[in-house]
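Notes for the one structure printed next.
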Amino acid sequence: MPQYKAPLRDMRFLLNEVFDYSAHYAQQPNAEDATPDMVDAILEGAATFCEEVLAPLNLSGDQEGCTFNNGEVTTPKGFKEAYAEYVAGGWQGISHPKQYGGQELPMSLNLLKSEMMGTANWSFTMYPGLSLGCMNTIFQFGTEAQKNTYMPPLVSGEWTGTMCLTEPQCGTDLGQVKTKAEPQPDGTYKITGTKIFISAGEHDMSANIIHIVLARLPDAPKGTRGISLFIVPKFMVNADGSVGARNPVVCGAIEHKMGIRASATAVLNFDGATGFMIAEPNKGLEAMFTFMNTARIGTAVQGLAHAELSYQGSLPYAKERRSMRALSGKKDADHTADALIWHADVRRMLLTQRAVAEGARAMIYNAAKLADNMVAGVAEGNKAKYEEYDDRLGFFTPILKGFITEMGLECANLGMQVFGGHGYIKEHGMEQIARDARISTLYEGTTGIQALDLLGRKVLLQTRGKCIKEFTNEMIAQAKPHLLDGGPIGMMARACFKRAVQWKAMTLRIMLRAAKDRDVVSAACYDYLMYSGFVMMGHFWLKQAIVANEKLAKGGKDSAEFYKAKIQTAEFYFERLLPRADGHKKTMMAPTSSIMQMNNDHFNFS
C-alpha cells in the first residue's frame with residue numbers, strides 16, 4: 001500500500017516562494033502568531049501525525065469499515081484512539097477564535113493541515129472535517145448564547161458537527177425539502193423528517209454531535225425561499241455545558257458504499273427532535289451556503305489528495321517493477337528487464353499525476369488566501385470586505401471542486417494503471433484510492449451542478465462575464481513580461497496569453513447564444529468548466545515556473561534540481577495536458593441540437 005509522505009518541499013515552495021504567505025499573514029488581523037517558525041512547526045507536526053498515526057489506518061479502515069448496530073455506529077479499530085490524539089494535539093481549533101479555545105490562526109493553515117490529513121486518510125478526515133462548516137455557520141450566524149454553548153466543545157474537538165441537507169426525495173434541488181420545524185412555546189422547534197447521506201452523522205468518536213439541519217416552518221413559502229436552518233444536538237446541552245438527555249434524532253442505517261468505507265454515511269431520523277433556529281426564518285439556505293462553500297473547497301482538496309497519494313503509490317512501483325526493455329535501448333544493464341519508469345507511456349502517467357497534484361495545490365493555496373481575507377471580514381464585522389472576497393472565492397469554488405476532483409479521479413485510475421493487474425488487487429491499496437476518489441465528483445454538488453453554478457450563475461447571471469474578465473486580466477498581466485522570452489517560460493507565457501483572450505471571447509459567444517437558446521448553458525457548462533480548469537491550472541503552473549526559473553538564476557531555498565524538475569513538470573503540463581482545452585472548446589461551441597433533438601421515447605434499450 002502507498003506509504004504516505006507529506007510533500008513538505010512543494011508546500012514550502014508555494015507558501016514561501018510563490019505566494020509569499022509570510023507577507024500575507026502580516027496583513028491579517030489577529031495573525032501575529034502565524035510567524036514563519038509557527039507555520040513550519042504546524043507543518044512538521046501535522047506531517048508527523050498524518051504519516052505515523054493516520055496513514056497506517058487507511059487500508060485497515062477500508063477493510064473493516066464502520067459497524068451499525070441498533071442505531072449505534074462503531075468506527076474501525078484505531079480510529080477512536082487516533083481521534084483522541086487529534087483532539088489532544090489541539091488540531092481542530094487551529095483557525096478558530098481564542099475566546100472559544102482556538103488558536104486563532106488563519107484559515108489557510110487549517111487547510112494545509114487538512115490536505116495532509118486527507119491524503120493520509122480521507123475517511124478519517126471527514127469526521128473532524130464536517131465540523132468545520134458547522135463551526136463556521138454557528139460563528140457567523142449564531143446568537144451569542146449559541147456560540148458560547150456550542151463553539152468551545154466544537155473547537156476543542158470534544159464534539160463534532162454535521163450538515164443535514166439531503167432527503168430521500170431531493171439532493172441538489174433543496175426546494176423539495178420536506179423536514180418540518182414546529183414552533184414551541186419555549187422558543188425551540190420540534191424537527192421531524194429524514195435526512196440521508198449524512199457524513200459523520202453517527203459515530204463513537206465524540207461525546208456529542210451537533211447537526212445543522214434544513215427544515216420548513218409551517219407557514220413557510222414553497223421552494224428554496226421557505227427553508228430555515230436549525231441546530232439539533234444529538235444530546236441536549238445542560239445549562240452548565242455538560243451533555244444531557246438524548247435528543248430524538250436516531251441513526252436508522254449507514255450506507256454500504258463503494259469507497260471511503262471507514263467514514264460513516266448515515267440515515268438520520270428526526271422524530272420531534274428539539275432544534276434551535278439559527279439565522280433568520282426562511283433564510284436558512286443563504287446561511288447554509290457558508291457551510292456548503294467550506295465543504296466544496298474541502299472536496300477540492302480531496303481531488304488533490306487522491307492525485308498526490310496515487311502518485312506516491314505508483315512512483316516507487318514504477319522504479320522497482322521491471323518489464324521489457326525501453327524502446328530507446330537497454331537502461332538497466334544489470335537486470336533482465338528495465339524498470340517501468342523508462343517507458344514513455346508510464347512516464348506520461350506519472351507526470352500527469354504529478355502535474356495535476358502540484359497544479360491543484362497551487363490553485364487551492366491561492367484560493368486559501370482569499371478565504372483568509374473573507375474570514376477576516378467576518379471577524380472584523382466588515383460586511384463589504386466579507387462580500388468582496390466571498391464573491392471572488394465564489395468564482396474559484398466550482399472550478400476547484402469540479403475540475404480538480406475530475407482530474408484527481410483520473411489520477412487515481414492512472415495509479416492503478418501503472419501497477420497493471422496488481423493495481424486491481426486490494427493489498428496494494430491503489431484500487432482503494434480510486435474507490436475513495438469516486439465520490440468526490442458527486443457529493444457537495446456533482447460536476448454538472450458545479451458547471452451550472454460556474455457558467456449559469458457566477459458568469460452569466462451574477463457578473464455578466466466580469467469574473468472572467470478580471471481573472472483573464474490577471475493571466476495577461478502575468479504573461480506579458482515573458483512573451484518574448486525564449487525557452488519554456490516564453491512558450492508557457494504565450495500559451496497563457498492566448499488562452500486568456502480565447503476564454504473571454506468564448507464567454508461572450510456563449511452569452512450571446514444563450515439569449516436565443518436557453519439550453520446552451522446546460523449543454524456547454526461541463527466543457528466550459530473543464531476548459532476553465534485546464535486554463536486556470538496553466539496560469540498557476542506558469543506562476544510556479546517563473547518563480548522556479550528566477551530561483552535557478554539567483555538561488556532559492558531549495559536545490560537546483562528541485563527548480564529544474566518544477567519547470568520540466570510545467571513544460572509537460574503545457575504540452576500534454578493544456579491542449580485538452582481545445583477539445584472542450586470545440587464541444588461547448590457545438591449546436592445544442594445533437595443533445596436535445598431526440599424524442600424521449602427513443603431513449604430505450606430494446
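The values are calculated or read from the model by the stated rules, or taken from the named source; none is laboratory data. What you see is a predicted model, and the numbers here were worked out from it, not measured in a lab. Cβ atoms come from the backbone with ideal geometry, glycine included; neighbour counts cover every protein chain shown. Accessible surface areas use protein heavy atoms only, side chains included; no ligands, DNA or RNA. Shrake-Rupley method; radii C 1.70, N 1.55, O 1.52, S 1.80 Å.
Against the numbered list (1) over 18 Å from residue 209 (Cα atoms); (2) touching a helix residue (DSSP H, G or I) at 6+ places or on another chain (Cβ under 7 Å), residue 100 comes up short only at (1). Just so you know, in the range 321-350 the residues that are acidic (Asp, Glu) and modelled with pLDDT under 95 include one that is nearest to the chain's Cα centre (by Cα), and it is 338. Just to be sure I understand the filter: pairs with C-beta atoms under 7 Å, separated by 6 or more residues or on different chains, first member in the range 236-260 and at negative phi, second member among the basic types (Lys, Arg) and open to solvent by 70 Å² or more (accessible area, probe 1.4 Å). Which pairs pass? Matching pairs, first to second residue: 258/438; 259/438. You will find that of 409, 393, the residue that is among the aliphatic types (A, V, I, L, M), within 18 Å of the chain's Cα centre (by Cα), in a helix (DSSP H, G or I) and surrounded by fewer than 21 Cβ atoms within 10 Å (Cβ to Cβ) is 393 and no other. Contact map, the range 324-341: residues that are on the phi > 0 side of the Ramachandran plot paired with residues that are among the small types (Gly, Ala, Ser) and part of a loop (DSSP other than H, G, I, E, B), Cβ distance under 8 Å, separation 6+ or inter-chain. Pairs shown: 324/337.
With respect to the stated conditions, residue 223 is surrounded by fewer than 16 Cβ atoms within 10 Å (Cβ to Cβ), over 16 Å from residue 276 (Cβ atoms) and touching a residue at least 40 places away in the same chain (Cβ under 8 Å). Within the range 60-76, identify whether any single residue is of a type outside the set (Asp, Glu) and within 25 Å of residue 373 (Cβ to Cβ), and answer yes or no. No, the range 60-76 contains no residue that is of a type outside the set (Asp, Glu) and within 25 Å of residue 373 (Cβ to Cβ). Within the range 212-244, the residues that satisfy the criterion of being over 30 Å from the mean Cα position of the chain (by Cα) and over 25 Å from residue 173 (Cα atoms) are 236, 237, 238, 239, 240, 241, 242, 243, 244.
The residue pairs whose first member lies in the range 440-456 and is on the phi < 0 side of the Ramachandran plot, whose second member is β-branched (Val, Ile, Thr) and not in a helix (DSSP H, G or I), and whose beta carbons are closer than 7 Å, counting only pairs six or more residues apart or on different chains, are 449/172. I want to confirm something. Restricting to the range 424-433 and keeping residues that are assigned to a helix (DSSP H, G or I) and without any contact (Cβ under 8 Å) to a residue 60 or more places away in the chain, which single residue is nearest to the chain's Cα centre (by Cα)? Selected residue: 431.
Do the conditions hold for residue 95, that is, is it out of contact with any strand residue (DSSP E or B) (no Cβ under 7 Å at 6 or more places or on another chain), surrounded by 23 or more Cβ atoms within 10 Å (Cβ to Cβ) and farther than 24 Å from residue 57 by Cα? Here the answer is yes, as residue 95 does meet what is asked. Among residues of the range 148-193 being among the acidic types (Asp, Glu) and assigned to a loop (DSSP other than H, G, I, E, B), the one that is most open to solvent (accessible area, probe 1.4 Å) is 186. Set side by side, the residues 266, 253, 262, 220 differ, and just one is within 30 Å of residue 63 (Cβ to Cβ) and not in a strand (DSSP E or B), which is 262. The set of residues in the range 194-207 being hydrophobic (A, V, I, L, M, F, W, C) and open to solvent by less than 30 Å² (accessible area, probe 1.4 Å) consists of 196, 198, 200, 205.
Assess whether residue 369 counts as being within 30 Å of residue 20 (Cβ to Cβ), open to solvent by 20 Å² or more (accessible area, probe 1.4 Å) and part of a helix (DSSP H, G or I). The answer is yes for residue 369. Residues of the range 433-491 that are closer than 16 Å to residue 532 by Cα, of a type in the set (A, V, I, L, M, F, W, C) and open to solvent by 40 Å² or more (accessible area, probe 1.4 Å): 449, 452.
Taking the range 552-591 as the range and being over 30 Å from residue 8 (Cα atoms), crowded, with 16+ Cβ neighbours inside 10 Å and out of contact with any Lys or Arg (no Cβ under 9 Å at 6 or more places or on another chain) as the test, the residues that pass are 584, 585, 588. For the range 529-541, does any single residue satisfy the condition of being under 20 Å from residue 400 (Cβ atoms) and among the polar types (S, T, N, Q)? For the range 529-541, residues under 20 Å from residue 400 (Cβ atoms) and among the polar types (S, T, N, Q): present. Only residues that are of a type in the set (A, V, I, L, M) and part of a strand (DSSP E or B) were counted across the range 201-217, and they come to 6.
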